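To start, the structure under review is shown below, and the notes come after it.
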Amino acid sequence: MKSVYHHGDLKNALLDAADDLLLREGLQGFTMRACARLANVSHAAPAHHFGDVNALLTAVAARGYERLVALLQEKLKSVDGDLEDEMYATGLAYVEFAETYPEHFRIMFRKDLLVYSVESPPTAMAETLIELTNVILRQRGEPEISLLSEVPGKGNPVIKDILIGWCYIHGYAHLRLEGQLSMIPDEAHFKIIRENSDRLSNLLQQRAV
């Protein structure tokens, strides 16, 4: 992170500071003034470049999505197309991201904090949703999508499987992050993710077209 303002790069310096601030202090300690102090710039600078704290949080959340989709793609690439392994890799990526960037994970799905339209979400958010959707579509033997607008609509039965898959993956990561699965020994988590991922993968493959 840059702590000194360089002409022409103030916006990125502020974003670096905001990213670091959220990681260090969490949402409770996240303010425009704290961000400005960390970037070593005037208190007015964040508002000038981002408008308000919600817009700044949205930019930070977009960085979170960039990291999440990169991790998802890395894990998926390593399993070479095996469907059960893909589901397991997706669960691992989600849990690993949540544990590495807990405060980012907590805000990335908070519509009350972020500023974007459902029709036009941040690019990295759209890429993440497309990647997750394609994991489910491959399980079912369905054609993959390349645009968020191609996600099956409410009347399509595929959307139910997409929601089931996402709820499982996101829900497990969220519960573990918030300490609700503390009764499970750490060494057992990988086995649980593996077993549940295999069950979900087998269920979805049975619905293949």
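The values are calculated or read from the model by the stated rules, or taken from the named source; none is laboratory data. As the structure is a prediction and not an experimental result, all values here were calculated from the model. Don't worry about glycine lacking a Cβ; one is built from the backbone with ideal geometry, like all the others, and counts go over all protein chains shown.
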Just for region 16-72: of the residues that are over 18 Å from the mean Cα position of the chain (by Cα) and hydroxyl-bearing (S, T, Y), which one is surrounded by the most Cβ atoms within 10 Å (Cβ to Cβ)? T31
Taking L175 and the conditions (1) in a helix (DSSP H, G or I); (2) surrounded by 15 or more Cβ atoms within 10 Å (Cβ to Cβ); (3) of a type outside the set (D, E, K, R), which numbered condition does it fall short on, given that it satisfies the others? (2)
Within the set of pairs 6+ apart or on separate chains, which have a first residue in region 148-165 that is without any contact (Cβ under 8 Å) to a residue 12 or more places away in the chain, a second that is part of a loop (DSSP other than H, G, I, E, B) and of a type in the set (D, E), and C-beta atoms under 7 Å apart? none
Given the conditions (1) aliphatic (A, V, I, L, M); (2) outside the structural domain of I164 (by TED's automatic domain parsing); (3) touching a residue at least 60 places away in the same chain (Cβ under 8 Å), which single one is not true for I107? (2)
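Being assigned to a loop (DSSP other than H, G, I, E, B) and either modelled with pLDDT of 95 or more or farther than 14 Å from G64 by Cβ (or both) is the filter here; which residues of region 112-145 pass it? Spell out how you get there, then give the answer.
Step one: filter region 112-145 for residues assigned to a loop (DSSP other than H, G, I, E, B), giving 112-116, 118-119, 121-122, 141-145.
Answer for region 112-145, where residues must be assigned to a loop (DSSP other than H, G, I, E, B) and either modelled with pLDDT of 95 or more or farther than 14 Å from G64 by Cβ (or both): D112, V115, V118, E119, G141, E142, P143, E144, I145.
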